[in-house]
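Here's the structure we're looking at; comments come further down.
The values are calculated or read from the model by the stated rules, or taken from the named source; none is laboratory data. Remember, predicted model here, so these are calculated numbers, not experimental data. We place every Cβ from the backbone using ideal geometry, glycine too, and count neighbours over all the protein chains shown. Side chains are part of the model used for accessible areas, which takes the heavy atoms of the whole protein and leaves out ligands, DNA and RNA. Shrake-Rupley method; radii C 1.70, N 1.55, O 1.52, S 1.80 Å.
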Amino acid sequence: KSRLFVVIGIGGSYLGARAVIEALQSEFAPLEKREFPYVIYAGHTLCEDYYCQLMRLLDEYDYSVAVISKSGTTTEPAVAFRMVKAHLENKYGKEEARERIIAITDARKGALHNIAQEAGYSTYVIPDNVGGRFSVLTPVGLIPIAMSGYDIRKLLQGAREMRRICKEKNELQENPALLYAALRNILYRKGRKVEMLVNFQSNLRYISEWWKQLYGESEGKQGKGILPHSLSFTTDLHSMGQYVQDGERLMFETVVSIARPNEHVGIPRDEKNLGGINYLLEQSLT
């Protein structure tokens, strides 16, 4: 019954889900006909223009809401939920608005937990032993991803397989987590204090944003830690490329490489070879 699904959260309460959704969906998803709701976001900014534009959009479409917060008192999501809830109640009435709100929060305590219990919202639990930035495989991430039409069972299956590999493989070269950790720390000790996560797929930019949170929050403590930075190639080669190649040697790059893109684009032949790129005819863009 909803054309839009509004996910209200900030940091780990939305970055993981957004990373997965934007990695899987078309770059032009807002303009395409869809069987499933299109996920949009609130609570991740305090920009007034953003919320004015959001309210005008919500005037036009049927929508439902997931509000995600362990405490319910984080400023940005609390402000957004208050505004969206008021809009929802004005549009549908309090009875139907209640049926269009999902609260994902602590099992026993917190402002959002209490609000949800009092109002009668459908609720899902953020496990006590899972930190926000790691919560994409809990209802925090799984509900928005499922609402977008993606198979969360396959996502969990892949996560279990990677967990198995990382627990069972003792050889450094066979364990991707150990290998990545070892290489990062060797480079850090050699004075490379900045890591740049580089990808060549524009729909992976939110994977980079989520990665920056995972490593920034985890490592940036006690005056230590690698500074996580990200670049989207080839776009950023024409802006940051000069610094990457010839700037101060304080960084290292980790490249996210997609072995097999979903689709292939061929470059048409031009008999006059305008632009001089006929040599690329047999090549993949990636």
Of the accessible area of the chain, computed with a 1.4 Å probe and all protein chains kept, carbon and sulfur make up a percent value of 52
With Arg205 itself left out, Lys, Arg at +1 and Asp, Glu at -1 over residues whose Cβ is under 13 Å from its Cβ give -2
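Which shape class, rounded, prolate or oblate, goes with the stretch 73-117 when its Cα gyration tensor gives a ≥ b ≥ c as root eigenvalues, a/c under 1.5 marks rounded, and past that a/b bigger than b/c marks prolate?
Oblate, since a/c reaches 1.5 and b/c is not below a/b.
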For the chain the mean separation of alpha carbon contacts under 8 Å (6+ apart) over residue count, i.e. relative contact order in percent, is 19
Probe 1.4 Å, heavy atoms of protein chains only: per residue, the accessible area of the stretch 200-276 in Å² is 73
Here the stretch 188-205 yields Karplus 3J(HN,Hα) values (6.51, -1.76, 1.60; θ = phi - 60°; whole Hz; Gly and Pro given as x) of 4, 5, 8, x, 8, 8, 10, 10, 10, 7, 10, 9, 10, 10, 5, 7, 9, 4
Low-density loop GluC sites (Glu not before Pro), the stretch 243-286, at most 12 other Cβ within 10 Å, DSSP non-H/G/I/E/B, are Glu248, Glu263, Glu271, Glu282
If each K or R counts +1 and each D or E counts -1, the residues other than Phe134 whose Cβ falls under 13 Å of its Cβ total +1
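Need one word for the stretch 104-237: rounded, prolate or oblate. Basis is the Cα gyration tensor (sqrt eigenvalues a ≥ b ≥ c); a/c below 1.5 gives rounded, then a/b vs b/c decides.
Working: a/c = 1.77, a/b = 1.70, b/c = 1.04.
Since a/c reaches 1.5 and a/b is larger than b/c, the shape of the stretch 104-237 is classed as prolate.
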Any lysines whose Cα falls less than 25 Å from that of Lys91, other than same-chain ones fewer than 8 residues away, would be Lys1, Lys33
From the Cα centre of the stretch 207-242 to that of the stretch 61-82, the distance in Å is 27
Honestly the stretch 1-92 on the Cα gyration tensor test (a ≥ b ≥ c root eigenvalues; a/c under 1.5 rounded, otherwise a/b vs b/c for prolate or oblate) is just oblate
Looking only at lysines whose Cα falls under 18 Å of Lys193's and that sit 8 or more positions away or on another chain, we get Lys212, Lys221, Lys224
Simple spin-label estimate for Ser257/Gln117, 7 Å along Cα→Cβ, in nm, reads 5.3
Filtered hits (lysines, Cα-Cα < 22 Å from Lys167, offset >= 8 within chain) -> Lys154
Note, Leu178: beta-carbon cut-off 12 Å, +1 each Lys/Arg, -1 each Asp/Glu, net 0
